[in-house]
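J.: Before we start, here is the structure in question, set down as structure tokens.
The values are calculated or read from the model by the stated rules, or taken from the named source; none is laboratory data. Just so it is clear, the structure is predicted and the values come from calculations on it, not from any experiment. Cβ coordinates were reconstructed from backbone atoms using ideal geometry, including for glycine residues, and neighbour counts include every protein chain displayed. Side chains are part of the model used for accessible areas, which takes the heavy atoms of the whole protein and leaves out ligands, DNA and RNA. Shrake-Rupley method; radii C 1.70, N 1.55, O 1.52, S 1.80 Å.
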Amino acid sequence: MTDISLIDRLLDVIEHDIVPKTAEGVAHGNKLFGAAILRKDNHSLVLAETNNEMENPLWHGEVHCLMRFYEMPRAERVDTKDAIFLATHEPCSLCLSAITWAGFDNFYYLFSHEDSRDSFAIPHDLKILKEVFTLDPGGYNAENAYWKSFSIRRLVRALAGAERQRLEERIGKISARYDELSGDYQASKAENDIPLN
Ligand SMILES: Nc1ccnc(=O)[nH]1
């Protein structure tokens, strides 16, 4: 059974905690990918972060979030087994490994690898999976011995009637905001020296 209150909470975190940070990051030349960590028990936010490739090309939204997480005092952190990992976009191979090595047993994402390529003009996630790992789209193991991953859009598509429509409208609004952020990034990217921009 899909927990609708969890989906709303994850969308709240994207809208209110990740997007404002991402708008600032994009204004500084960074990509629009973001991530957050929440407690499983009460869905409270541990932290949200955004891509910071202008500082270091490895600071993808997810890895930058994990870096900040491990900079927090241990007492303020949560055991990763007791946490939900949220990524705005389906994690790339670097971030899939980082999430795995950090010990999470789950992650949720809104936009797919195909969306990153087709709607956000970032083809590298799928290209790296193909070139380095010989994987076609959908080819990695989305449920494995380490974690189970969840596409928020797929979860919503499986809901019935009014709830599905309400959540699809919410996602439509968030997507429109990401389209704006993508336009801003693409307009500025010729000026950055990010290797895979
Ligand atoms: N999927 C991603 C590609 C590049 N940078 C990110 O932060 N995320």
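J.: Just the residues that are outside any strand (DSSP E or B), within 10 Å of the ligand (Cβ to nearest atom) and touching a strand residue (DSSP E or B) at 6+ places or on another chain (Cβ under 7 Å), please, taken from the stretch 96-118.
T.: If the condition is that a residue be outside any strand (DSSP E or B), within 10 Å of the ligand (Cβ to nearest atom) and touching a strand residue (DSSP E or B) at 6+ places or on another chain (Cβ under 7 Å), then 116 is the only one that fits.
J.: Same structure again: Please identify the pairs in which a residue from the stretch 137-159 that is modelled with pLDDT of 95 or more has its Cβ atom under 7 Å from the Cβ atom of a residue that is outside any loop (DSSP other than H, G, I, E, B) and among the aromatic types (Phe, Trp, Tyr), counting only partners at least 6 apart or on another chain.
T.: 147/107; 149/107; 150/108; 151/109; 152/108; 152/109
J.: In the set 121, 142, which member is open to solvent by 40 Å² or more (accessible area, probe 1.4 Å) and touching a strand residue (DSSP E or B) at 6+ places or on another chain (Cβ under 6 Å)?
T.: 142
J.: Please determine, by comparing only the residues of the stretch 149-197 that are closer than 20 Å to residue 29 by Cα and of a type in the set (D, E, K, R), which one is nearest to the ligand (Cβ to nearest atom).
T.: In this case the residue turns out to be 189.
J.: Moving to a separate point now. Restricting to the stretch 1-39, what's the tally of residues that are small (Gly, Ala, Ser) and open to solvent by 40 Å² or more (accessible area, probe 1.4 Å)?
T.: 2
J.: Mind listing whichever residues of the stretch 86-129 are among the charged types (D, E, K, R) and under 13 Å from residue 151 (Cβ atoms)?
T.: 90, 114, 115
J.: Considering only the stretch 17-24, I want to know if a residue exists there that is more than 15 Å from the chain's Cα centre (by Cα) and either closer than 25 Å to residue 148 by Cα or within 13 Å of the ligand (Cβ to nearest atom) (or both).
T.: Checked the stretch 17-24: no residue is more than 15 Å from the chain's Cα centre (by Cα) and either closer than 25 Å to residue 148 by Cα or within 13 Å of the ligand (Cβ to nearest atom) (or both).
Every residue, every condition in (1) on the phi > 0 side of the Ramachandran plot; (2) loosely packed, with under 10 Cβ neighbours inside 10 Å; (3) part of a helix (DSSP H, G or I), yes or no:
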{"residue": "146", "(1), (2), (3)": "no, no, no"}
{"residue": "155", "(1), (2), (3)": "no, no, yes"}
{"residue": "165", "(1), (2), (3)": "no, no, yes"}
{"residue": "168", "(1), (2), (3)": "no, no, yes"}
{"residue": "195", "(1), (2), (3)": "no, yes, no"}
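J.: Looking at the stretch 124-139, which of its residues are more than 10 Å from the ligand (Cβ to nearest atom) and either in a loop (DSSP other than H, G, I, E, B) or open to solvent by 40 Å² or more (accessible area, probe 1.4 Å) (or both)?
T.: Result: 127, 130, 131, 132, 133, 134, 135, 136, 137, 138, 139.
J.: Just for the stretch 37-83: of the residues that are among the basic types (Lys, Arg) and assigned to a loop (DSSP other than H, G, I, E, B), which one is farthest from the ligand (Cβ to nearest atom)? Even if it seems obvious, please write down each step before you answer.
T.: Step one: filter the stretch 37-83 for residues among the basic types (Lys, Arg), giving 39-40, 68, 74, 77, 81.
Subsequent filtering for residues that are assigned to a loop (DSSP other than H, G, I, E, B) retains 40, 77.
Working: 40: 24, 77: 22 Å.
The selected residue is 40.
J.: Take the conditions within 25 Å of residue 131 (Cα to Cα) and open to solvent by less than 40 Å² (accessible area, probe 1.4 Å) and apply them to residue 90. Does it pass?
T.: When the stated conditions are applied, residue 90 passes them.
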